[in-house]
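Peer 1: My questions will all concern the structure given below.
Every read-out reported here was derived from the displayed coordinates using simple, explicitly stated rules and does not represent laboratory data. This one's a predicted model, so the numbers in the text were calculated from it and none came from an experiment. Every residue, glycine among them, receives a Cβ derived from its backbone with ideal geometry; neighbour counts consider all protein chains shown.
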Amino acid sequence: MTAKPHVWHYGLVAQWWAEFNVDTPELPYYQKQIERYGEPVLDLACGTGRLLLPLFRAGVDIDGCDISSDMLSLCRGQAAREGLKPQLYQQAMHELDLPRTYKMIYMCGSFDLAGSRELDQETLRRCHAHLDAGGALVFNVDAEYASPEAWQYWTPAKRQELPGAWPEQGKRRRASDGTEYVLRSRLLDLDPLEQSFMHQIRVEKWQDEDLVAEEEYTLRGQMYFKNELIMMLERAGFQDVSVQGDYTAESATADHSELVFIARK
């Protein structure tokens with residue numbers, strides 16, 4: 001039985017994303033790709049609109065799609081406060097079925113969360129079907145070996161320590177309405193044979209000295225290396241696949257921590 005998506009982008013986590021995950025260092029890179037490949041554009045797994053809203057605000061013909069109704073609600077709310085009304089769809093990536101096609105589709109930090117390799121492959125196939133001829137799919141994955149902290153859990157000895165303990169001190173941030181959020185996360189499991197992982201997140205919401213809400217979620221994802229993804233893209237029908245490093249025009253090397261794939265239809 002194929003595993004379904006298991007993500008944590010709901011409730012308090014979605015609120016955290018909307019309040020604090022607002023920086024857009026990748027935005028200039030995507031703007032250049034849109035200039036190259038054209039519009040319309042689809043932000044797949046758009047979340048609360050971190051990248052979508054600045055692009056829409058700049059006049060880009062862009063739609064958004066996400067699995068989380070909570071993330072989309074927050075995106076719509078922010079858009080409405082700015083007098084914007086982007087077209088947003090609630091669908092899982094591997095079930096993508098939209099009424100129009102695109103010159104470019106991008107996924108930022110989300111490709112590996114469909115639930116399994118089978119569903120990730122279906123995501124690529126659906127993206128290919130939703131692109132115009134000559135259109136481009138652009139997405140990133142982490143280079144797993146770039147993080148010494150994460151890479152150590154590929155060894156048998158370190159995996160014996162999992163699941164990890166909750167950190168005593170979480171990230172504490174004050175929201176715009178004066179409430180405070182505390183976020184903690186831990187690694188539950190990592191399977192180097194299947195190249196899969198599970199993380200857990202706990203978010204608390206505080207009003208003055210009172211804990212008013214607390215939620216926990218689990219995130220499951222797959223880990224990919226360059227050549228495996230190139231073969232998956234070719235299997236989905238893509239051609240002319242290139243891999244760039246760290247959101248630059250440089251060809252990816254072993255020293256880059258982010259691998260950005262550009263695949264043409």
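Peer 1: So which aspartates and glutamates can Lys158 reach, going by Cα to Cα under 16 Å and dropping same-chain residues fewer than 8 places off?
Peer 2: Glu144, Glu149, Asp189, Asp191
Peer 1: Would you mind checking Lys32/Lys85; Lys32/Lys226; Lys32/Lys171; Lys32/Lys265; Lys4/Lys226 for any pair whose Cα atoms are more than 27 angstrom apart?
Peer 2: On the way: Lys32/Lys85 24 Å; Lys32/Lys226 23 Å; Lys32/Lys171 33 Å; Lys32/Lys265 18 Å; Lys4/Lys226 24 Å.
In this structure, Lys32/Lys171 exceed 27 Å between Cα atoms.
Peer 1: While we're here: Over all directions, the average projected area of the alpha-carbon convex hull for the range 56-128 comes to how many nm²? Numbers along the way, then the final one.
Peer 2: Details: hull surface 20.9 nm².
If you wrap the Cα atoms of the range 56-128 in a convex hull and average its projections, you get 5.2 nm².
Peer 1: Which percent, to the nearest 5, of DSSP beta bridges fully inside the chain are antiparallel?
Peer 2: Values: 40 of 55 bridges.
DSSP beta bridges in the chain are roughly 75 percent antiparallel.
Peer 1: HN-Hα J couplings of the range 253-264 from phi, Karplus 6.51/-1.76/1.60, θ = phi - 60°, integer Hz, Gly and Pro as x?
Peer 2: Once θ is set to phi - 60°, the couplings for the range 253-264 become 10, 5, 8, 7, 9, 10, 9, 10, 9, 10, 10, 9 Hz.
Peer 1: Provide the three semi-axes, in whole Å and in decreasing order, of the ellipsoid equivalent to the range 56-189 as defined by the square roots of 5 times the Cα gyration tensor eigenvalues.
Peer 2: Value: 32, 25, 13 Å, ordered largest first.
Peer 1: If you don't mind, there's one more thing I want to ask. Over the range 27-171, what is the mean sequence separation of C-alpha contacts under 8 Å (at least six apart), divided by residue count, expressed as relative contact order in percent? Don't jump to the answer; show the numbers that get you there.
Peer 2: Values: 196 pairs, mean separation 30.3, N = 145.
Worked out over the range 27-171, it gives 21 percent.
Peer 1: Let me ask you something else. Sequence gap at least 6, Cα distance under 8 Å: using those rules, report the relative contact order of the chain to the nearest whole percent. List each step's numbers first, then the result.
Peer 2: Working: 522 pairs, mean separation 49.3, N = 265.
Reported relative contact order: 19 percent.
Peer 1: Can you compute 3J(HN,Hα) from phi for each residue in the range 245-252, using the Karplus curve 6.51 cos²θ - 1.76 cosθ + 1.60 with θ = phi - 60°, rounded to whole Hz and x for Gly and Pro?
Peer 2: Ordered by residue, 3J(HN,Hα) equals x, 6, 6, 10, 7, 6, 5, 4 Hz.
Peer 1: Loop only by DSSP, 16 or fewer other Cβ within 10 Å of the Cβ. Give me the GluC sites (Glu not before Pro) in the range 15-99 that pass, ordered by residue number.
Peer 2: Numbers: sites: Glu19, Glu26, Glu35, Glu82, Glu95; in loops: Glu26, Glu82.
Taking the range 15-99 and a limit of 16 other Cβ atoms within 10 Å, the loop GluC sites (Glu not before Pro) found are Glu82.
Peer 1: Which loop-located trypsin sites (Lys or Arg not before Pro) does the range 59-105 contain, where loop means any DSSP state but H, G, I, E or B and the Cβ has at most 12 other Cβ atoms within 10 Å?
Peer 2: Those satisfying the criteria are Arg100.
Peer 1: In which sequence would Met107, Met71 go, from the one with the fewest C-beta neighbours within 10 Å to the one with the most? Spell out each step's value before the answer.
Peer 2: Working: Met107 23, Met71 27.
In order of increasing Cβ crowding within 10 Å: Met107, Met71.
Peer 1: Based on the alpha carbon coordinates of the range 27-94, what radius of gyration and maximum Cα-Cα distance (Dmax) apply, in Å?
Peer 2: When restricted to Cα atoms, the range 27-94 yields Rg and Dmax of 11.4, 32 Å.
Peer 1: Where does the range 146-221 land on the Kirkwood hydrodynamic radius, alpha-carbon pairs, in angstrom?
Peer 2: Working: mean 1/r = 0.0712 Å⁻¹.
When all Cα pairs of the range 146-221 are included, the Kirkwood radius is 14.0 Å.
Peer 1: Sticking with this structure for a sec: Which log10 I(q)/I(0) values, to two decimals, does the chain give at q = 0.10, 0.15, 0.16 Å⁻¹ under the Debye formula with one point per Cα?
Peer 2: Rounded to two decimals, the profile gives -0.53, -1.20, -1.35.
Peer 1: At 222 nm, what helix-only mean residue ellipticity would the chain give, in deg cm²/dmol to the nearest 500, using -39500 (n - 2.57) for each DSSP H run of four or more?
Peer 2: The per-residue figure over the chain is -7500 deg cm²/dmol.
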